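Take a look at the structure below.
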Amino acid sequence: MQTERVVLLALPRGQKVFCELCQAPATVRCGGCGVTYYCEVEHQNADWVSVHEKICQLLIPLRTVLPFYDSEKKRQHGQEQKISREKFLAELTHNVAQKFLFEGKHEDAIPAALHSLKFTISVHGLNSSELVPAYLMLAEASLGLGHLSQAEEYLSQAQWSVLKTSQCRPTIQSKLHRNMGLLYAAKGNFEESLYHLANDIFYASCAFGINDIAISGGYFHMANVFFRQNRMDVADSLYTEVSRPQSSSAGVRWTRSLGDTRKQRCFYGSKTTQEQCSL
């Protein structure tokens with residue numbers, strides 16, 4: 001990792017540079033690519049360990065001034081190349097962040113997820129549902145670190161993006177509700193937590209089938225919530241279900257035990273919800 005001090009007088013007039021991770025005014029930059037800035041060496045090191053080492057040289061053509069094109073055809077070709085590079089980097093950084101999350105390395109996942117979000121925004125714009133996976137990774141990492149307010153902010157962004165589209169995949173809906181459930185559980189709001197975890201199971205069933213192991217996570221987290229409420233009979237039943245998911249009707253039975261008809265309606269699925277699952 002190479003570090004260079006930022007010399008403000010050497011920058012083009014009026015140009016300001018900001019930290020890649022926190023958007024604070026930059027004081028150092030990567031000496032390898034020369035186009036990535038940080039507020040301090042600590043943030044540079046965090047980014048390097050997470051993902052920058054893998055993408056350092058790939059950033060140069062994206063963050064340098066575009067050449068002058070003498071024809072519209074060449075200009076379009078240059079723009080297509082730029083978008084292609086950004087799509088590749090969005091996928092690469094997403095995979096890196098996902099790997100860190102799988103390994104429980106939440107702090108290392110955040111820089112890679114931030115890069116994934118930025119590249120996805122550049123390709124699809126601020127209002128695209130394609131941003132949701134990056135927001136969910138950032139939320140999951142924040143929850144893992146105990147940063148609840150930051151996690152809630154990312155989940156709000158993800159939820160807003162989902163609400164703006166009528167064709168959000170059930171897998172995304174499942175992940176959104178699971179993270180919402182974990183957030184409310186961490187905040188001690190068990191009723192809201194169970195509501196979202198029931199939705200997690202429902203959408204996971206839509207995406208993978210009622211017998212797939214993918215729905216076990218929802219049962220496990222619901223069991224943890226019931227355990228914290230000292231409702232051991234329900235918790236034990238759900239822990240058993242983790243190892244042998246059989247049918248969504250079982251999830252409905254446990255949701256009924258909450259005594260909340262809103263949760264029952266959600267888990268059975270309204271007409272709109274069922275249509276989304278068929279997409």
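The values are calculated or read from the model by the stated rules, or taken from the named source; none is laboratory data. Given the structure is predicted, the values throughout are model-derived calculations rather than measurements. Cβ atoms come from the backbone with ideal geometry, glycine included; neighbour counts cover every protein chain shown. Ligands, DNA and RNA are stripped out before the accessible areas are found, and what is left, the full protein with its side chains, is counted by its heavy atoms. Shrake-Rupley method; radii C 1.70, N 1.55, O 1.52, S 1.80 Å.
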Using a 1.4 angstrom probe, figure out how much accessible area region 2-141 has per residue, in square angstrom, rounded to the nearest whole.
57 Å²
Which one, 150, 173, 81, has the greatest fluctuation when you compute a Gaussian network model over the chain with C-alpha springs under 10 angstrom?
81
Among 48, 79, 217, which residue has its Cα furthest toward the positive end of the charge dipole of the chain, with +1 on Lys/Arg Cβ and -1 on Asp/Glu Cβ?
79
Where the convex hull is taken over the Cα atoms of the chain, what is its projected area averaged over directions, in nm²?
17.2 nm²
Partner lysines for residue 187 [C-alpha distance under 25 Å; skip if fewer than 8 residues away on the same chain]
105, 175, 263
Amide H partners (placed H, <5 Å) of residue 3, local residues excluded:
31
Using a 1.4 Å probe over the heavy atoms of the protein chains, calculate the carbon and sulfur portion of the accessible area of the chain as a whole percent.
53 percent
Here the Cα Rg-to-2.2 N^0.38 Å ratio for region 17-168 is 1.10
Rounded to the nearest 20 debye, what is the charge dipole size of the chain about its Cα centre when +1 sits on each Lys and Arg Cβ and -1 on each Asp and Glu Cβ?
600 debye
Once the dipole of region 96-240 is set up with Lys and Arg at +1 and Asp and Glu at -1 on Cβ about the Cα centre, which of 182, 171, 101 lies farthest towards its positive end?
171
Cut-off under 12 Å on the C-alpha distance; same-chain residues fewer than 8 positions from residue 118 excluded. Which aspartates and glutamates are left, in chain and number order?
20, 86, 91, 130
Longest segment of the chain lacking GluC sites (Glu not before Pro) that sit in a DSSP loop with at most 16 other Cβ atoms within 10 Å:
104-279
Starting at the first residue of region 197-212, write each ³J(HN,Hα) from the Karplus equation 6.51 cos²θ - 1.76 cosθ + 1.60 with θ = phi - 60°, in whole Hz, x for Gly and Pro.
5, 5, 5, 4, 4, 4, 5, 5, 5, 5, 6, 10, x, 6, 9, 7
Radius of gyration, Dmax [region 102-202; alpha carbons; angstrom]:
13.1, 38
Quick one: Kirkwood hydrodynamic radius for region 154-250, alpha-carbon pairs, angstrom, one decimal?
13.5 Å
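Order 196, 43 by their accessible area, 1.4 angstrom probe, all chains in place, largest first. Display every interim value, and only then the final one.
Working: 196 10, 43 50 Å².
Descending accessible area places them as 43, 196.
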